[in-house]
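Asks: Got a structure here, written out as structure tokens. Questions coming.
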């Protein structure tokens, strides 16, 4: 077997493994999704779920499943897909494992805008979500503009994002200490990231956004392989480097923005989804689909644990933060030993 045949065979094995992992992740999502609909203070038999979901059920069980639990589970699923895809785009495009929207300032922008809306204007519901969406998009644009000098480079964008994120975090801290106790409590609940009281008003706009953004991400991801080789190599392969990078960044920021607007800044989902998917697939080119499915599974599992396994009705962000923070410390420690930071 010559070198070309070996490369082709390796890619074929990688593609088969990626599809197998994606199928297993999908089945796990189905199981956890079903459990989130069935388990609770009012238990519903798993066998009754198909009838309830497709309109054959009536009464209290139908109301609990279709009006209370289903919008929450669907929102969690969509938020996980959005965060997982956004994290994979950021990390692969910038070639930096720290480059996720909750590290480089995008979600901090959404948080600052949402807290301003809550504390200064007494906003609630869709207005807070709209403010968070606008804040994330504006922050992403500011990070890109400030890091663009001489071409956007991964390390520069990460550093600029971390700086802007720290500034916005200080704004949030000031507003939280200055605000009325009731408003500060509302803001704190939103800042934790949770799926409590999610309705179709939260899931609908996110679903509509994903219908556009996920296919765009899959289409644009074809340029990621060339961009990961470096700007000069990518340009030599015929890629429009800055145009492709800007398009990928816009899609990634938009995914993170819509997800944060729907459920708050659920921490570390975007950060850990791509590394987990990469380890499951067994290679650096895991593709966006395993990362998206991993993000969805992380959110659904985190919310299920927060609601039923930890002795209280906790926000999902508490669980994902508890999982993601040690991974961040481990990543920094191993990178430091390797001399990369």
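The values are calculated or read from the model by the stated rules, or taken from the named source; none is laboratory data. Everything numeric in this text was worked out from a predicted model, so none of it was measured. Here the Cβ positions follow ideal geometry from the backbone for every residue, glycine too, while neighbour counts run over all protein chains shown.
Asks: All but one of (1) assigned to a loop (DSSP other than H, G, I, E, B); (2) in contact with a helix residue (DSSP H, G or I) (Cβ under 6 Å, 6 or more places away or on another chain); (3) under 25 Å from residue 242 (Cβ atoms) hold for residue 149; which doesn't?
Replies: (2)
Asks: Assess whether residue 235 counts as being modelled with pLDDT of 90 or more, over 28 Å from residue 306 (Cβ atoms) and in contact with a helix residue (DSSP H, G or I) (Cβ under 7 Å, 6 or more places away or on another chain).
Replies: no
Asks: Oh, and also: Which of the residues spanning the stretch 308-323 are in a helix (DSSP H, G or I) and crowded, with 22+ Cβ neighbours inside 10 Å?
Replies: 316, 317, 319, 320
Asks: Report those helices (runs of 4 or more DSSP H) wholly inside the stretch 1-114 carrying at least 3 residues which are modelled with pLDDT of 95 or more and exposed (fewer than 14 other Cβ atoms within 10 Å of the Cβ).
Replies: Output list reads 3-38.
Asks: Continuing with this model, one more query. In the set 217, 187, 130, which member is in contact with a helix residue (DSSP H, G or I) (Cβ under 6 Å, 6 or more places away or on another chain), part of a helix (DSSP H, G or I) and within 24 Å of residue 292 (Cα to Cα)?
Replies: Result: 217 is the single residue among 217, 187, 130 that is in contact with a helix residue (DSSP H, G or I) (Cβ under 6 Å, 6 or more places away or on another chain), part of a helix (DSSP H, G or I) and within 24 Å of residue 292 (Cα to Cα).
Asks: Can you pull out every residue in the stretch 125-175 that is loosely packed, with under 13 Cβ neighbours inside 10 Å and closer than 19 Å to residue 258 by Cβ?
Replies: If the condition is that a residue be loosely packed, with under 13 Cβ neighbours inside 10 Å and closer than 19 Å to residue 258 by Cβ, then 125, 126 are the ones that fit.
Asks: Still on this structure: Looking only at residues in the stretch 238-267 that are at pLDDT below 90 and part of a loop (DSSP other than H, G, I, E, B), which one is farthest from the chain's Cα centre (by Cα)?
Replies: Of everything passing the filter in the stretch 238-267, 238 is farthest from the chain's Cα centre (by Cα).
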